[in-house]
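Working notes, beginning with the structure itself.
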Amino acid sequence: IWEASGPRDVLLSAAGSHPGDLHKLWRTRTPNGYHMEYGYSCMAYEIPGAMGAKMADPSREVYVFLGDGTYLMMPTEIVTSIQEGVKITIVLVDNHGFASIGGLSRSLGQGGFGTSQKVEVDYVANARSLGAHAIKATTLAELKDALETAKAVDRTTVIVIETDASIGV
């Protein structure tokens, strides 16, 4: 995402392992180019937060980086982004269910209640049904192409990347 973004673009994320990962990996090139909710790992903050960042400065591309668990908590805000013309690019990492919080739950002796996704969700179809342009990327080259396509599309784009559920758990 960093390679595809321009110097004034914004990355926004909040929950799971993303804050720690992005804190180490993302290099902001201009002020306000990195927006991270570190305080409470607020799942479902990302999409509406990104809409706010885009509304604050419509000249910047805004990228949302989130997991499937967070996406499932508030995908309907995509409808708001479409109806209000607030274009954002959502990069959705599908590890099949709440890997970060599920791992934390299990490490504390809990069973991971509600954190194992047993229902197969078609995120591309879901995003399309909400009005977004949606792309599944299965390789690095496809991700790079999808990010370039998202820049040219006139509405919110959701890029779905499926990952190995066992990594990081």
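The values are calculated or read from the model by the stated rules, or taken from the named source; none is laboratory data. Just so it is clear, the model here is predicted, and its values are computed rather than measured. Neighbour counts run over all protein chains shown; Cβ positions are idealised from the backbone, glycine included. We work out accessible area using only protein heavy atoms, side chains counted, and drop any ligands, DNA or RNA first. Shrake-Rupley method; radii C 1.70, N 1.55, O 1.52, S 1.80 Å.
A few comments on the model shown:
- Local net charge near G6, Cβ-Cβ under 15 Å (Lys/Arg +1, Asp/Glu -1): +3
- Accessible area in the full protein assembly, largest first, 1.4 Å probe, for K151, K136, K54: K136, K151, K54
- Computed extension gain for V79 through L140, at 0.36 nm per residue and net of the alpha carbon distance, reaches 19.2 nm.
- I78 contributes about 0 Å² of solvent-accessible surface, heavy atoms of the protein only, 1.4 Å probe.
- Loop-located GluC sites (Glu not before Pro) in segment 32-93 (DSSP state not H, G, I, E or B) with no more than 13 neighbouring Cβ atoms inside 10 Å do not occur.
- Formal net charge of residues neighbouring L147 (Cβ-Cβ distance under 12 Å; K, R +1; D, E -1): -4
- Summed side-chain charge close to S81 - residues other than S81 whose Cβ falls under 10 Å, Lys, Arg +1, Asp, Glu -1: +1
- Restricting the trypsin sites (Lys or Arg not before Pro) of segment 17-50 to loop positions (DSSP other than H, G, I, E, B) with no more than 15 neighbouring Cβ atoms within 10 Å leaves R27, R29.
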